[in-house]
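The values are calculated or read from the model by the stated rules, or taken from the named source; none is laboratory data. Everything numeric in this text was worked out from a predicted model, so none of it was measured. Glycine gets a Cβ as well: all are built from the backbone with ideal geometry, and neighbour counts include every protein chain shown. In case anyone asks, the SASA skips ligands and DNA or RNA and just uses the protein heavy atoms, side chains included. Shrake-Rupley method; radii C 1.70, N 1.55, O 1.52, S 1.80 Å.
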Amino acid sequence: MLRTSLAKKIIREVKSFIKEDLIMVDTSGTIIASTDPARIGNYHEGAFIAASEKEMKIITLADETVLEGVKAGITLPLFHQQRVVGVIGITGTPEKVLPYGELIKKMTELLIQENYYQDQFEWEARSLETFVFDWLLKDGPSSAFQKRAEVLGVNMEVSRQVVLIEFQGDSTLLQPKRWNFSEQNLGLNEDDILVQWGHNRMILLLEKREKNILPFLERLRKILERLAATSVFIGAGKDSTMSSVKESYLEAERALEVCKSDLPIVLEENLRLEMILQSIPKPIKEEFSGRILSQVLGEKELMDTIHVYLEKHSSLKETAAELHIHINTLHYRLKKFETLTNLNLKEVRDVTSLYLSLLFLDEHTK
């Protein structure tokens, strides 16, 4: 059955090619879309006959007095998968509209087919998203779950690595009907699964690779950034079995949290200090940062100086050069910073506290 929304879309597409009035009629003979809004909802006997007989029907001026709701022109049944799904009617003298009637019919059937495949793609995508969601966030797979996997063509026997992909800016790529990578060379294997994961993320269940996956992830990131026209961050968990894929997902989330502009790809297996920092509650981080830095938060010059000082691994020469200041000026700023914070920048314990407080401050202000 031809949906009204699709019929209206087809009328909009086709009417740009001809000046004659057009109607779209369902198989019961009811006009569901028309260039003349007054005809919508009316019965069209000629279209009903064309649908029933599965062939074009020419409507003459004489037919206007015999058949209900018709105007002179032609009616052409529309086929999809060898079944009549609707009728398109073109108003005008048959001799005038006949020459391009078949062309418009073919064009309309192509639009119907395109819409059907898009609907199929979206249905399959939603089914796969739901399957992956249940797989990752619910308790272990059951026998019913295994059957769902078979229906969707998901191989549950291979080892997988969960990869989370996050788009950093607004992108139309993740809007409905916008992303279909079947024609893009992303380097995915047959058993890899890529689905949308929220409004700005995708999740990739990657079949285990024998080689280092960093080159693959870097290439994937560049392709997605080109398609989405925005920055992309990627976090990857470790290899997992069918029953432990949830753990890989949680690892991928932890890795993604560490990503930043100069570190867009993070593998969970490479995390060290971050493993501990991510387990600290946010309120405690904020309180800790405030205790260390409360006296210097309003001192932009000192804060900029200490950031560069730590980035340059406490090298006075490199810090002064980066800030374009004299070494004595740097000594003065560092001494003032120590006085206000009650820290000793030569003590490992104090430097560690400072480093952590700056990390927490960055998280908070971000």
Would you list, by chain and number, the lysines whose Cα falls below 26 Å from the Cα of Lys138, excluding same-chain residues fewer than 8 positions away?
Lys147, Lys208, Lys238, Lys246
Specify which residue in the list Asn189, Leu250, Leu334 is farthest towards the positive end of the charge dipole of the chain, using unit charges on the beta carbon of Lys, Arg (+1) and Asp, Glu (-1), about the Cα centre.
Leu334
For Ile59, list long-range residues whose amide hydrogen, built 1.01 Å from N in the peptide plane, is under 5 Å from its own amide hydrogen.
Gly73, Ile74, Thr75
Which lysines, if any, have their Cα less than 19 Å from the Cα of Lys15, not counting same-chain residues under 8 positions apart?
Lys71, Lys96, Lys105, Lys106
Helix axis angle, 245-258 relative to the chain longest principal axis, alpha carbon, degrees:
60 degrees
If contacts are Cα pairs under 8 angstrom and at least 6 residues apart, what is the relative contact order of region 238-277 in percent?
36 percent
Which label belongs to the value computed from this structure, given these candidates for log10 I(q)/I(0) by the Debye sum over Cα atoms at q = 0.08, 0.11 Å⁻¹: [x] -0.66, -0.89; [y] -0.41, -0.77; [z] -0.52, -0.80?
[x]
Accessible surface of the chain, 1.4 Å probe, proportion on carbon and sulfur as whole %
51 percent
Ranked from highest to lowest mean number of other Cβ atoms within 10 Å per residue, what is the order of the peptides 68-78, 244-254, 103-113, 144-154?
68-78, 244-254, 103-113, 144-154
Pop out the Kirkwood hydrodynamic radius of region 282-333 from its pairwise C-alpha distances, inverse of mean 1/r, in Å to one decimal.
12.0 Å
Could you compute the FRET efficiency for Leu277 and Thr230, with r as their C-beta to C-beta distance and R0 at 25 Å, rounded to 0.05?
0.40
Hits among lysines - C-alpha to C-alpha of Lys300 under 20 Å, sequence gap 8 or more where chains match
Lys312, Lys335, Lys336, Lys366
Roughly what angle does helix 214-228 make with the longest principal axis of the chain, taking Cα atoms, 0 to 90 degrees, to the nearest 10?
50 degrees
Nearest 0.05, what FRET efficiency do His313 and Ile223 give at R0 = 35 Å with Cβ-Cβ as r?
0.50
When the Kirkwood radius is taken over all Cα pairs of region 190-282, what Stokes-Einstein diffusion coefficient follows at 20 °C and 1.002 mPa s, in µm²/s?
152 µm²/s
Over region 48-175, the quotient of the Cα radius of gyration and 2.2 N^0.38 Å is 1.76
Helix-derived [θ] at 222 nm for the chain: sum -39500 (n - 2.57) over DSSP H runs of at least 4, divide by residue count, nearest 500?
-15500 deg cm²/dmol
Once phi is turned into ³J(HN,Hα) by the Karplus curve 6.51 cos²θ - 1.76 cosθ + 1.60 with θ = phi - 60°, what whole-Hz value does each residue of region 155-163 show in order, with x for glycine and proline?
7, 8, 8, 7, 6, 10, 10, 7, 10
Taking 3-9, 236-242 and ranking on average Cβ neighbours within 10 Å, highest first, one gets 236-242, 3-9
To the nearest 10 degrees, how steeply does helix 300-311 sit against the main Cα axis of the chain, on a 0 to 90 scale?
90 degrees
